[in-house]
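Q: There's a structure below that I have some questions on.
Read-outs: derived from the displayed coordinates by stated rules, not from any lab. Note that the structure is predicted; figures quoted are calculated from it, not measured. Glycine also receives a Cβ, built like all others from the backbone with ideal geometry; neighbour counts cover every protein chain displayed.
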């Protein structure tokens, strides 16, 4: 979930504070963070759990990842705003 934290931090620093030109924000947020983490690996892992019949594990992984991701975004934004 470090990518979620980084996304929140970068959002607060470069979008809310407009410290980076608008035409560079997308490449930094999407390009850099997109290469940092990949959604497809996570979805493949969940699909494999479901395919193996480990429905509870998949549900916990899906739900837990979403909750932790939102909390990490909140923490990154809060720290970015405080800096």
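Q: Go ahead and estimate [θ] at 222 nm for the chain from helices alone: -39,500 (n - 2.57) per DSSP H run with n ≥ 4, summed, over the residue count, rounded to 500.
A: -22000 deg cm²/dmol
Q: On to the next question. May I ask for the angle, rounded to the nearest 10°, between helix 39-51 and the longest principal axis of the chain, with both axes built from Cα atoms and the value confined to 0 to 90°?
A: 10
Q: Against the longest alpha carbon principal axis of the chain, how many degrees, from 0 to 90 and to the nearest 10, is the axis of helix 55-82 turned?
A: 10
Q: Given the convex hull over the Cα atoms of the chain, what projected area results after averaging over all orientations, in nm²?
A: Mean projected area of the Cα convex hull: 5.5 nm².
Q: What order do you get for 67, 15 when you list them from fewest to most C-beta neighbours inside 10 Å?
A: With the sparsest Cβ surroundings first, the list reads 67, 15.
Q: So, one more: Of the residues 31, 63, 53, which exhibits the maximal mean-square fluctuation in a Gaussian network model of the chain defined by a 10 Å Cα contact cut-off?
A: In this elastic network of the chain, the residue with the biggest mean-square fluctuation among 31, 63, 53 is 53.
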